[in-house]
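A quick write-up on the structure given underneath.
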Amino acid sequence: MADEAVIIGEDKAIILKKTIARILYSKRFDQLKISKILNLSQPMVSNYCNSKDILPKDILDIAEKISEKIKNGKYPTFNTCITFSEKEFKGTFYIAYKNEIISDENNKIVDNLTEAFLLLKGVNIGKLIPEVKINIAMSKENPKNSDDVAAFVNGLIVTDEKITGHNGIRFGKSKHLSSLLLDLKKYFDVSAIMNIAYINNIKKTGFNYSYLTKDFKPKINLKQVDILLHKGDFGIEPCAYILGKNAVDIVNKLIKIKEKLT
């Protein structure tokens with residue numbers, strides 16, 4: 001739903017690129033690659049990388065965060081933002097199309113997913129990480145289709161068995177989780193879902209559980225379950241799905257599952 005954006009003054013834009021270039025060069029990026037990433041000439045990149053200028057701390061902090069994303073394969077685009085407000089805009093914002101962030105319900109869903117990510121950030125969930133992308137999806141109270149379901153773009157970022165970041169939140173993403181959640185709402189009182197690795201010793205978690213058929217339908221008609229297991233199929237990884245009333249509820253369950261299985 002929203003893409004992360006960093007807004008700085010026009011006078012600091014060149015300093016930011018200069019700082020990013022120096023950081024990337026220190027991380028063994030070659031100057032040609034840096035010039036393409038930052039849309040700068042190679043001589044300019046060379047000049048920046050060999051500069052000994054003292055860099056402003058506020059710009060350095062921003063540049064380090066951007067450089068880390070670049071290292072993880074997420075390349076930035078640099079755009080000019082024009083405003084007519086007397087207020088100075090600077091810092092990190094989330095940008096979305098007007099029709100995506102028009103309702104209070106949409107905002108609450110994005111806030112809940114963001115809170116869930118912050119609760120999970122840095123937590124080692126080890127063997128609960130699936131081979132496919134791990135993600136959380138959350139729907140509106142009365143969704144009509146997948147456009148009413150929000151998820152993290154391209155899933156959550158995992159580093160050393162820990163959730164470390166994400167590439168924004170959007171509605172209409174994570175096709176599999178969105179369609180599965182919409183279908184499960186026909187059977188359960190659920191508004192959020194998360195995919196994790198298959199749990200063999202499921203009884204140890206203490207949560208209510210059931211199984212899905214090969215075509216992802218509940219096998220047993222229960223009033224409510226916390227975890228649904230899918231044994232996999234040809235080309236489909238066995239996995240588990242945590243269900244909850246919202247994204248934060250799901251993350252709290254995930255943390256308890258981790259503790260029970262440790």
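The values are calculated or read from the model by the stated rules, or taken from the named source; none is laboratory data. All values derive from a computational prediction rather than experimental measurement. Here Cβ is always computed from backbone atoms with ideal geometry, including for glycine, and neighbour counts include all displayed protein chains.
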Among the residues of the stretch 153-161, is any touching a helix residue (DSSP H, G or I) at 6+ places or on another chain (Cβ under 8 Å) and within 19 Å of residue 118 (Cβ to Cβ)?
yes
Give the residue that is modelled with the lowest pLDDT, with candidates limited to residues of the stretch 186-200 that are under 16 Å from residue 258 (Cα atoms) and not in a strand (DSSP E or B).
200
Go through (1) in a helix (DSSP H, G or I); (2) surrounded by fewer than 18 Cβ atoms within 10 Å (Cβ to Cβ); (3) touching a residue at least 24 places away in the same chain (Cβ under 8 Å) for residue 3 and report which single condition fails.
(1)
Enumeration of residues in the stretch 66-96 that are touching a strand residue (DSSP E or B) at 6+ places or on another chain (Cβ under 8 Å) and part of a loop (DSSP other than H, G, I, E, B)
72, 81, 89, 90, 96
In this structure, is residue 63 in contact (Cβ under 8 Å) with a residue 40 or more places away in the chain, surrounded by 11 or more Cβ atoms within 10 Å (Cβ to Cβ), outside the structural domain of residue 158 (by TED's automatic domain parsing) and in a helix (DSSP H, G or I)?
yes
In the stretch 141-185, which strands (runs of 3 or more DSSP E) lie fully inside it and hold 2 or more residues that are among the small types (Gly, Ala, Ser)?
149-152
Go through 236, 257 for me and flag whichever is more than 22 Å from residue 115 (Cβ to Cβ) and not small (Gly, Ala, Ser).
236
Options 51, 26, 41, 35; residue that is surrounded by 15 or more Cβ atoms within 10 Å (Cβ to Cβ) and of a type in the set (S, T, N, Q)
35
Exactly one of (1) more than 18 Å from residue 165 (Cβ to Cβ); (2) out of contact with any helix residue (DSSP H, G or I) (no Cβ under 6 Å at 6 or more places or on another chain) is unmet by residue 71. Its number?
(1)
Name the single residue, out of those in the stretch 68-127 being charged (D, E, K, R) and within 21 Å of residue 255 (Cα to Cα), that is modelled with the lowest pLDDT.
127
